[in-house]
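Bear in mind these aren't lab numbers, they're just calculated from the coordinates by the rules spelled out. Please read all numbers here as calculations on a predicted model, not as lab measurements. Cβ: placed from backbone, ideal geometry, glycine included. Neighbour counts: every protein chain shown.
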């Protein structure tokens, strides 16, 4: 049995008033005794986020390669007439997202005012579909909101700088049930369900038909002392109406989406399930991650969006683009975690085992971080560095001459276009583009290559990674 | 430069003396510039253990000509040759020259 990739969805949620609750903005504000709301006032408008060329590439309205033709900085060159509706994605405004957060909340954690409570979703069929399935909780009591915020039990929520409600903690001292952590988890759930709903609506798939959901989101839902206990997947499935789907989470820092795709395809090939969805919700903690560098250099705060992805894999009908599980890259624990060691394990070795060359893959989807976000922070152009590494490896293997490195990068690569949401840039946002191209015959194969920074958790000095080949 | 690395280098410098220590870096670009500044004049972000501490350490990049030519050929081919193709060597040399000229 073969696992075919039938559909992909890439969504963005514009959330400027949540940037203050990103990990870095929050900690820096506390450290400097500032109000995060003061530092992160006046961020991009929804229209600006929609017109931003990398965001248009993310939702499928612009081939990523075309970004190279748009003068830099991209934030000064928005696309005229840009739409929040994309070929395989969508951008949701913040006030609609508050409605999704409220729908995601089954414990009365979120308290929104009259104006923002209920079914405030504009122009998104996918988001509206989620609201029909969930009942909004409780009523708004102004004194309760201000009382809880004043006592430090709740975080204020804003729309255009105005207080519209709060999110409360659900335990007086358990940090896993702290208001900011709960908001982070709700944001991952709601944006993940939004991505899944978009996939279902766009592809005209019945939610009830989904058998299995794997979440690769970046959060640590948990407690009664199982920190990161997980299964956000099942809560996303529930929210999206996938009542017949079981679920589980797959974690490996930013490499998780590729593992999740491989696991889903393997379950299908083994006949355990007939179809599966891989879903990744957005990371609130990563909002404004490099914002201080941007503010210092006069760059707009570009990390004002949550990203979400969803992919539908199925055994039927038996045609179309598929995941080739004979070419899966993995990075063994004994392999050095150097850039070279990772590139060998994830690209060179799995291709060599199948008797294939590096240049035989038409396009590589590597870590596709938007360079305009990374460069001001001194983090380099991540996508470009990855493509140089692949080209250098092709030189080492005698496939191309050293002078051909720029041509290799041009042919097999693309500029980064994804927001710095960790797992979201990890190769997979190209899959929507790849599907379209494979269906029209303009692309034969793409290898998705993701890396994960295990060392950030301080349990190992290792990195990790995973890759898989998708073929027409 | 992250705080743990700053602490580690400060601790070695305290133990053996900064005159007995040199640092060989591997990163390019802005990261290189910040690391050089941190290890010579002190942490420019004033956040780490080297804030206000001018160790004045000699700092090199592993792919600078005068360093890379000292790496045994076999080891170089195994560990560094690919990175030589990945990183912009002339830029690294010129960034370091500028920083050294600026003192």
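Points worth noting:
- The length gained by stretching the chain between residue A:143 and residue A:65 to full extension, at 0.36 nm per residue less their Cα-Cα distance, is 22.8 nm.
- Kirkwood Rh, angstrom, the stretch A:367-431 [1 / mean 1/r, Cα pairs]: 12.3
- Over chain B: Rg over Rh, Cα atoms, Kirkwood Rh: 0.99
- Counting all C-alpha pairs of the stretch A:14-172, share separated by more than 19 Å (%): 62
- Inter-chain Cβ neighbour count for A:331-339, averaged per residue, equals 1 (cutoff 10 Å, partner chain atoms only).
- For the stretch A:322-471: Kirkwood Rh in Å [reciprocal of mean 1/r, alpha carbons]: 15.6
- Its convex hull of Cα atoms gives the stretch A:155-309 a direction-averaged projected area, equal to a quarter of the hull surface, of 11.3 nm².
- In chain A, the longest principal axis of the Cα atoms and the axis of helix A:431-440 are about 50 degrees apart.
- Scoring A:123-129, A:370-376 by mean Cβ neighbours within 10 Å over their residues and listing the highest first yields A:370-376, A:123-129.
- Volume per residue of the C-alpha convex hull in chain A, rounded to whole Å³: 143
- Centre separation in Å (Cα based) which lies between the stretch B:81-103 and the stretch A:36-77: 32
- Relative to one another, the C-alpha centroids of the stretch B:62-76 and the stretch A:154-230 are positioned 50 Å apart.
- Scaled to the globular estimate 2.2 N^0.38 Å, the Cα spread of the stretch A:251-344, given as radius of gyration, is 1.47.
- Fewest-first ranking of A:347, B:67, using other Cβ atoms within 10 Å as the exposure measure: B:67, A:347
- Distance from the Cα centroid of the stretch A:451-466 to that of the stretch A:343-369 is 21 Å (rounded to whole angstrom).
- For the stretch A:1-101, the spread of Cα coordinates along the three principal axes comes to 55, 41, 24 Å, biggest extent given first.
- Computed Kirkwood radius, in angstrom, where 1/r is averaged over Cα pairs of the stretch A:304-360: 14.1
- Burial ordering of A:313, A:43, fewest other beta-carbon atoms within 10 Å first: A:43, A:313
- In the stretch A:322-471, Cα pairs under 8 Å separated by at least six residues give a relative contact order of 33 percent.
- Sequence of A:254, A:216 once ranked by neighbouring C-beta atoms within 10 Å, starting from the fewest: A:254, A:216
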